[in-house]
Amino acid sequence: MKLPKEFYTRPNVVQIARELLGKYVYTNIDGIVTGGMIVETEAYSGENDKACHAHLNRRTQRTEIMYSEGGVAYVYLVYGIYHLFNIITNKKDRADAVLIRAIEPEVGVEEMLLRRGFESIKQNLTAGPGVTSIALGINKKHYGEGLTGSTIWLEDKSITLPEENIAIGPRIGIDYAGEDALLPWRFWVKGNPWVSRKK
């Protein structure tokens, strides 16, 4: 079942980041479907989170989509090479987002290998937010893409992950955020080989 817009417009971004584990994300790029199960996420809150691009109500050309109603894609470039795929949540003007950090590949694996330049499946195919976007074919042209359409969408396959299978910890690579860098807003599936390796 495709996740409806109402899933994304709820107010608690941390809860949504947690609930996205075990959901599936798919893309249809040029008629080729790729996707897999989400196994790692991070929550960002626009209101009071120094790690969030929209902290202190910052509105720029890059962050403007964050102020949309939940259920759209926020895609931005880091290090000049990696596009990161985020899901905007909450109601309009709240600027909350969930970063999709890793997926377990399910469909379109051959296409993912081509996009990544791999000859065979390796754990770093989709273990990390930048490489996940490459594997799924997500880039800047998907900035603002609705997540209930036919280009990028998420599905609930009724997979329930027990609490003991979910790990919670601080987010990665946001040391500049001071005490907010310590918030336990990263979620991942314990023992899953596709979870990113902490840098």
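The values are calculated or read from the model by the stated rules, or taken from the named source; none is laboratory data. Here the structure is a predicted model, which is why all the values come from computation and not from measurement. All Cβ positions, glycine included, derive from the backbone under ideal geometry; neighbour counts span all protein chains shown. These area figures cover heavy atoms from the full protein model, side chains too; ligands, DNA and RNA do not enter into them. Shrake-Rupley method; radii C 1.70, N 1.55, O 1.52, S 1.80 Å.
Worth a mention:
- Converting phi to 3J(HN,Hα) with the Karplus coefficients 6.51, -1.76 and 1.60 and the offset θ = phi - 60°, the stretch 25-37 yields 10, 10, 10, 10, 10, 6, x, 10, 8, 10, x, x, 7 Hz in sequence order, with x at every glycine or proline.
- Inter-part distance where the stretch 150-182 and the stretch 92-135 are each reduced to a Cα centre, Å: 14 Å
- All other residues whose Cβ lies under 11 angstrom from that of ALA73 are scored, Lys and Arg at +1 and Asp and Glu at -1, for a net of +1.
- Förster radius 45 Å - calculated FRET efficiency between GLU64 and LYS190 (Cβ-Cβ, nearest 0.05): 0.80
- With Cα atoms as the point set, the radius of gyration and Dmax of the chain evaluate to 15.5, 45 Å.
- Solvent-accessible area, 1.4 Å probe, carbon plus sulfur percent, for the chain: 52 percent
- Contour minus Cα-Cα distance for VAL78 and MET1 (0.36 nm per residue): 24.5 nm
- Taken per residue, the accessible surface of the chain reaches 47 Å², heavy atoms only and a 1.4 Å probe.
- Amide H contacts for ILE166 (H built 1.01 Å from N in the peptide plane; partners 5 or more residues away or on another chain; cut-off under 5 Å): LYS190.
- Value of [θ]222 nm, deg cm²/dmol, for the chain, DSSP H segments ≥ 4, -39500 (n - 2.57) each, nearest 500: -3500 deg cm²/dmol
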